[in-house]
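Encoded as structure tokens, the structure appears first; notes follow it.
The values are calculated or read from the model by the stated rules, or taken from the named source; none is laboratory data. For clarity, every value in this text was computed on a predicted model and none was experimentally measured. Backbone-built Cβ (ideal geometry, glycine too); neighbour counts: all protein chains shown. SASA here: full protein model, heavy atoms, side chains in, ligands and nucleic acids out. Shrake-Rupley method; radii C 1.70, N 1.55, O 1.52, S 1.80 Å.
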Amino acid sequence: MTEPRPSLWDRYWFSSDERALNRPLRSALFLLLGFDAFTQISHLSRYGAGNFNVSHFPALDGLIPAPEARWMLGLVLLQVVLAVLVAFGVQLRRTLPALFALYSVGYFWSQLDSYQHHYLVVVILGLLAGAVWVDGDGKELPPWAPRLLRAQIAIVYFWTAVTKAEPQWLSGEVMSRLLAEQWARDLVSAAGDLAGIGDSGMYAVLAWSVLFLEFGLAIGFLWPEKLRWPTLILGVALHVGIEASGFKIGNFSYIMVTLYLLMLPPRLFEGLPRPQLRQARPEWLWLAGALAVSGVVLILPLEARWLTASLAFAGTLAAIWGSRGAVQVAAPFVAAALIGAFHLGTDQLRDYYRYMGGDARMRAEWETATYAYEQVVDIDPSYFSGTIRLADLYVKAGRFDEARSLYERAGALEPDNPVVQERLRSLPGL
């Protein structure tokens, strides 16, 4: 007696075992999501400014409190920790749902997070969190997870294409505004002249091309067996082009390119070593370390939070890794030094205070603005704009000698900038 033929549904989801894709995709995607969360830190000082907030759900605005900067900082650092744990396959039935919950709260709580790709990330996290609960051992994503993600990405491309099927997009008007880099605009002009249709005609051609490409990518993600390589090449080219053309969309392009790992043949990843940390013993150690991160950022000054949070983060990883002896003792301090060096080597800490000062200045909260810009100048003495802003605040407070000193420092930074001389001439007694 022959066995019944599997249904179309079963053939689509379970006809092939693609679990070899799960490890490289999980590692690359979640390390990137951890980095994406880390890059949001510089904006967190804006949360709760003026006790005003607009959530993504208007009905909740009168019910939920405005998110404070310190709470958002703890939330984001927890996301970084959890994303790293997921990347290394640590207790996925706990870490993935926790990351999904925290990411959702952080995104939907406030529209200050305006990058729409975070909505896509929430959907992906929700799907994967559900998948490991439905069919998972807590160490790996289920073998059908790549199919699930491809179906979701196909929906995204299809709906994105549908939204473009309107006159303003198809005329090329939107495309002409979105291209920010001059080299891209020059290339469009040259192509339009060569085709004899001018700039406006070429923008319309590009707009139609993107619409049809997105419909094609939706089909390609649903039918990878037949359209794997065209989808991979055209899709990656689309997102690399979007990033290179100057579209301001955060890390969306990088996330989408990473998701194209789903279109590579699973056999490429068979036999790779497993990038998985040993499970913590006892299992609550990872949770204790993660909670320590959120705890310290709520009670310590910002300058002290980085070292303490880094130590808690590194200590969590060391506990999970299960190393012993001198390595276990040294690992948290080495990791903390590396994290601190990375952070101090970027503009994030400076920009954290810059956003704080800018928001306070617009609300005429002069003491807060002055404190924030003092931190900006202390962190980055070569920052011209921050130096000018602080000097202006000193003038408003009647601290003319300190203002003059800062204006002169700004003049040394940019000798040809006329703003400095204008400010100096406006000072009393000059």
On the protein heavy atoms, probe 1.4 angstrom, tell me the percent of accessible surface of the range 1-69 carried by carbon and sulfur.
63
List the aspartates and glutamates whose Cα sits under 14 Å from the Cα of residue 248, skipping any in the same chain fewer than 8 residues away.
113, 181
Keeping all protein chains in place, calculate the accessible area per residue for the range 152-230 (probe 1.4 angstrom), answer in Å².
57
Can you compute the equivalent ellipsoid semi-axes for the range 24-170, i.e. the square root of 5 times each eigenvalue of the Cα gyration tensor, sorted largest first and rounded to whole Å?
27, 23, 13
Would you mind computing, in nm to one decimal, how far apart the modelled labels at residue 366 and residue 190 are, each placed 7 Å from Cα along Cα→Cβ?
5.4
Taking only the alpha-carbon atoms of the range 1-56, the convex hull volume per residue, in cubic angstrom, is 125
Less than 12 Å Cβ to Cβ from residue 109, Lys/Arg counted +1 and Asp/Glu -1: what total charge do the surrounding residues give?
-3
Under 15 Å from the residue 165 label point (7 Å along Cα→beta-carbon), backbone N, the range 212-237:
212-219
Expected output is a single nm value to one decimal: the length gained when fully extending between residue 244 and residue 405, i.e. 0.36 nm times separation in residues minus the C-alpha distance. What is it?
53.9 nm
Given a Förster distance of 60 Å, the FRET efficiency implied by the Cβ-Cβ spacing of residue 426 and residue 17, rounded to the nearest 0.05, works out to 0.25
So, in nm, how far is label residue 219 from label residue 174 when the simple model puts each one 7 Å beyond its Cα toward the Cβ?
2.2
